[in-house]
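A short write-up of the structure that comes next.
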There are 2 protein chains.
Amino acid sequence: MTSFADGAAPGQLSWQGTYVEVPAGQEKLGRGLVMAGIYGTDLDAHEGNYTQLSPLSFLLRTRDVYPHRPSVVHGERRYTWAQTYERCVRLASALANRGIGRGDTVAVLAANIPEMFESHFGVPMCGAVLNAINIRLDAATIAFILQHGEARVLMVDKEFGPVAREALANLSVDILVVGIDDETCEVGEVIGELSYETLLGEGSSDWAWSLPEDEWDAITLNYTSGTTGNPKGVVYHHRGAYLNAVSNAITWDMGKHPVYLWTLPMFHCNGWCFPWTLAVNAGTSVCLRQVRDDAVFDAIASEGVTHFCGAPVVLNMLLAADTSLREQITHQVKVMTAGAAPPAAVIEGMEAMGMEVTHVYGLTETYGPVTLCEWQGDLWDGESAAERANLKARQGVRGQMLEGLMVADPDTLEPVPRDGRSMGEVCMRGNNVMSGYLKNFRATQEVFEGGWFHSGDLAVWHEDGYIQIKDRSKDIIISGGENISSIEVEDALFRHPGVLEAAVVAKTDEKWGETPCAFVTLRTGSEVSGSDIVEYCQKHLARFKVPRYVVFGDLPKTSTGKVQKYVLRERAEAL
Amino acid sequence: MTSFADGAAPGQLSWQGTYVEVPAGQEKLGRGLVMAGIYGTDLDAHEGNYTQLSPLSFLLRTRDVYPHRPSVVHGERRYTWAQTYERCVRLASALANRGIGRGDTVAVLAANIPEMFESHFGVPMCGAVLNAINIRLDAATIAFILQHGEARVLMVDKEFGPVAREALANLSVDILVVGIDDETCEVGEVIGELSYETLLGEGSSDWAWSLPEDEWDAITLNYTSGTTGNPKGVVYHHRGAYLNAVSNAITWDMGKHPVYLWTLPMFHCNGWCFPWTLAVNAGTSVCLRQVRDDAVFDAIASEGVTHFCGAPVVLNMLLAADTSLREQITHQVKVMTAGAAPPAAVIEGMEAMGMEVTHVYGLTETYGPVTLCEWQGDLWDGESAAERANLKARQGVRGQMLEGLMVADPDTLEPVPRDGRSMGEVCMRGNNVMSGYLKNFRATQEVFEGGWFHSGDLAVWHEDGYIQIKDRSKDIIISGGENISSIEVEDALFRHPGVLEAAVVAKTDEKWGETPCAFVTLRTGSEVSGSDIVEYCQKHLARFKVPRYVVFGDLPKTSTGKVQKYVLRERAEAL
């Protein structure tokens, strides 16, 4: 194992390597098999020629090569890579001092602030696993996640102090609560035993941290609403995080020193692995507590932002902004979008503003985006604007580091014809597909049935090899980029004493992409109004999950008694 | 294991995966260790989430995504990625039909032609190991390499038919000889049992090839003259080739679809891994049989070349070319150079021609370049042209995928102070350092002493973390980008009946960078002239290894009888 330690001087690194003596034919580090014959003899892996893949290596390298360059900008706060590195080592060291180590979970509930960025390195540097929790969740779900993930530490941004306090009240475990006080936050309350800065103060900047013992070691845990009521914990490992971080840099041609605006929440698939990508290419993170149009345009103009990511709902917001805001942008900006196919008008509008849109697709289970709509310039540049937007609305092809992508019959795994018409399920495989769901072997087995990850998304495969998603086989509603499990909403409805039956489907929404629409059958004699239902849900669900439409009546069913959701979807669209 | 097979239609891929059922806690594919606790249970590697890293994946992906784009251009011959992929599968299939498989060596003696490019994929696709042999070597050395590497196949470019025939005459092994007939070659002779095209005809384009069983499997074998007389066989594996291919794309910011001119021989560290890099970014290889100034400029202008690599001797040649040739270039071209520090005049001259020079450094043992002189624009752009050239002449910092780089005392491995004055040996570690030397455990152990690869190059470490090579601890002369072992030249001299003692050192040469200079003590009474010595060497050494200077006299020695090479180097420079 290799340890890294250094003193206060940036740029100074001393190695504390131990030589692994490798006798012939023994000690197969990180390998299961060995080649036969002359190439299988005396050519073993050891410290000199084998290093566990981890995105932590990129942090060390960028600190070494570009110590003075800006790493993170947040309002008045500005850090260099030397400073960010030091803060990460201090965090790791302080956590280790408090007994946190390999395989322990450290949860964070925070907006896109420097402490959230630092956690992506500092937590795994001590061997622990980072669990970034969705800040939009209700207290009960946060409590479930803390309990299920067995978090030993929770670091809480001031803004989310109140909801965290409520979640912790429901918890029966011992957990160290660290409060993050951020000068840009004017609401909420700092909670916890000690502050983040006090914790850093307990740590040492010359603490000898280590790469993971194994690149398969877990690095983060991300809860997804998935298809069932309870969130599932998606586990990422160091190898996958390393590769997907590099994949972002390559598929998007980011170049050196991008200035990246944090419109995409870091609690979504670890910001699609971009904290680690920005360590690959020595970029600058521009933090953003709230995604408001003025804040976004101001940051792009004043910090010279070159790249950002966001769901089409974010792009829509920018398009609808005041001309005075939009006119601030005089340089080219690249935008990566996912979560729903960007409508043609959005693509055209963004490009008219000088923003180049790349459409990507992925899931929490795939470390974020793993496909992209690669632009075939020589074939497509001559098409009409409408046709170009149509081409770009497709989810596309696999990125360099996804090893397999197909649209197939989910049972036989037979690929569908590439005719643009036959439907099948999108399936993936490769090193940037999750290890599995934490403490949920059954769900893991099911989703990997046949040796492929089953995305639950239904798509067609075009003749040119590009996939296009048409529907979801799982009952998920994506509203404003957030996944909502229709089953979770149905469960809440079922708990209402007046409700006999309920079914929830997605309804297309101009602003949010989709929004939940509830169909409810009441018990005989009960007198409940739509606003009663909404009010009830507001008490039991995160705000963004509450149905915006409630329709009363009988539910259409199949002969075997299953609710015909496709009929409800049609009805919802007709409302 | 995953197999890939497809029919004739480009873009069509059918998967033949077999599901690896993973019982809890078993079958740790590709891993030596498992995390403890909740993250070590039921989160195993299997076909869905673990793929062996191999650059062959990039070929498949680029064939899938860009089947129609140009892959290889050579005179009148033009291939698309669909065609190159098909030719590679045919090659792999034909080799497999003839019994070649995992761990077998397939040697190639060829210029930078399409067949050489295809070999970088087709040979490992059947599990075999590619051994690209330096075309400038003499028959005896080629014979040694074929014998030592246990090559079962030798594919020979027409130009090198005669020397291969001579080498094979000295061989006692059974080897299949395949002749490559190239219409651009007007010399030499096609030899062998069958032609390359006939071999491809034996293969099938829908043969099911496989990724390596293990990413540590050998992919290529590259002989280096090293420090001793006999060449040493450097073994690369799939994991390292994958990572260094990606590293090239990232460190050089190549973007999508570069047009790459093959001035750098593919037999040098597999063209610094660029055949695989061009599969990562779907680039075009422009082949070049001979590196002549007119051919280089013509290709850059007519094919729109964007990138090429070469030793400073190549850059010098281009600078000295006729104005009419140089004036053809109207677009920006990026050049990567290594092998010797590029003189300031060369950097300035190239940049005046619109060519951006990136200075890199590496060895055969490190898959080619692993350090680069990263440009610190914000700090250096304002410097004078001379100072900028000085800064760029340094070998720089590690690329993203080299895990460790230091200048250290070779015995204690204590890093030297970063003062720009203290000398130490350049040491590296990481996944892009070779597995070891084939069938040479002693040399492997020695060069990895202490868990670091010892480069043999002596350098200083500057305060800003950049290394600069000052001398070589090993007796290597680099002439025109080729390594010459001084010991090998000395051995040839010693065999001359009139020679009593001999020592060979590098002498700085304006054209070649360095050239061998021989100091010879004759036996008493023997009457031998300098031209006799040169003539004798021409019979026993490759042309580029023949000393260009021969000096007669006693050799300066230490008290223990060792030749004082530093004294000879001073004398050589004074000639």
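The values are calculated or read from the model by the stated rules, or taken from the named source; none is laboratory data. All values derive from a computational prediction rather than experimental measurement. Every residue, glycine as well, gets a Cβ built from its backbone with ideal geometry; the counts of neighbours run over all protein chains shown.
Things to note:
- In region B:400-416, residue nearest to A:Trp276 (Cα to Cα) [restricted to those that are part of a loop (DSSP other than H, G, I, E, B) and β-branched (Val, Ile, Thr)]: B:Val416
- Count of region A:230-270 residues which are in a strand (DSSP E or B), closer than 13 Å to A:Gly368 by Cα and not hydroxyl-bearing (Ser, Thr, Tyr): 2
- Search result, residues across region A:279-305 that are within 15 Å of A:Ile113 (Cβ to Cβ) and not β-branched (Val, Ile, Thr): A:Ser285, A:Cys287, A:Leu288, A:Arg289, A:Gln290, A:Ala295, A:Ala299
- Of the set (1) out of contact with any helix residue (DSSP H, G or I) (no Cβ under 6 Å at 6 or more places or on another chain); (2) in a helix (DSSP H, G or I), all apply to A:Leu315 but (1).
- Region B:204-227, subset assigned to a loop (DSSP other than H, G, I, E, B), more than 19 Å from the chain's Cα centre (by Cα) and among the hydroxyl-bearing types (Ser, Thr, Tyr), residue farthest from the other protein chains (Cβ to nearest Cβ): B:Ser204
- The number of residues in region A:279-289 being in contact (Cβ under 8 Å) with a residue 40 or more places away in the chain and either within 19 Å of A:Arg239 (Cβ to Cβ) or not small (Gly, Ala, Ser) (or both) comes to 7.
- Complete set of residues in region A:143-179 that are assigned to a strand (DSSP E or B) and within 24 Å of the chain's Cα centre (by Cα): A:Ala151, A:Arg152, A:Val153, A:Leu154, A:Met155, A:Val156, A:Asp157, A:Val177, A:Val178, A:Gly179
- Counting the residues of region B:180-202 that are polar (S, T, N, Q) and part of a loop (DSSP other than H, G, I, E, B) gives 1.
- Count of region B:311-350 residues which are closer than 20 Å to B:Arg292 by Cα and among the acidic types (Asp, Glu): 2
- B:Tyr437 within 14 Å of another protein chain (Cβ to nearest Cβ), within 17 Å of B:Ala341 (Cα to Cα) and touching a residue at least 12 places away in the same chain (Cβ under 8 Å): no
- Single residue of A:Leu33, A:Leu13 found to be at pLDDT below 85 and facing chain B (nearest Cβ under 7 Å): A:Leu33
- Residue count, region A:53-75 (criterion: touching a Pro at 6+ places or on another chain (Cβ under 9 Å) and at pLDDT below 95): 0
- Residues in region B:35-68 that are within 25 Å of the chain's Cα centre (by Cα) and hydrophobic (A, V, I, L, M, F, W, C): B:Leu53, B:Leu56, B:Phe58, B:Leu59, B:Leu60.
- Residue in region A:271-278 that is surrounded by 22 or more Cβ atoms within 10 Å (Cβ to Cβ), within 19 Å of the chain's Cα centre (by Cα), more than 13 Å from chain B (Cβ to nearest Cβ) and modelled with pLDDT under 95 present: no
- Within region B:417-451, being assigned to a loop (DSSP other than H, G, I, E, B) and surrounded by fewer than 18 Cβ atoms within 10 Å (Cβ to Cβ) holds for B:Pro417, B:Asp419, B:Gly420, B:Arg421, B:Ser422.
- Residue, surrounded by the fewest Cβ atoms within 10 Å (Cβ to Cβ), within region B:452-479, restricted to residues that are over 15 Å from B:Val426 (Cβ atoms) and modelled with pLDDT of 90 or more: B:Glu463
- When the test is whether a residue is of a type outside the set (A, V, I, L, M) and either part of a strand (DSSP E or B) or without any contact (Cβ under 8 Å) to a residue 40 or more places away in the chain (or both), A:Glu488 does not pass it.
- A:Glu327 assigned by TED's automatic domain parsing to the domain that holds A:Gln468, in contact (Cβ under 8 Å) with a residue 60 or more places away in the chain and surrounded by fewer than 21 Cβ atoms within 10 Å (Cβ to Cβ): no
- When each of B:Gly192, B:Gly233 is tested for being in contact (Cβ under 8 Å) with a residue 24 or more places away in the chain and within 30 Å of B:Gln83 (Cβ to Cβ), the lone residue that passes is B:Gly192.
- Breaking point among (1) under 20 Å from the mean Cα position of the chain (by Cα); (2) surrounded by fewer than 20 Cβ atoms within 10 Å (Cβ to Cβ); (3) not aromatic (Phe, Trp, Tyr), for B:Ala385: (1)
- Hits in region A:157-173 - residues which are under 11 Å from A:Ala110 (Cβ atoms) and of a type in the set (A, V, I, L, M): A:Ala164
- Residues in region B:200-213 that are surrounded by fewer than 22 Cβ atoms within 10 Å (Cβ to Cβ) and in contact with a His (Cβ under 8 Å, 6 or more places away or on another chain): none.
- A:Arg102 vs. criteria at pLDDT below 95 and not hydroxyl-bearing (Ser, Thr, Tyr): yes
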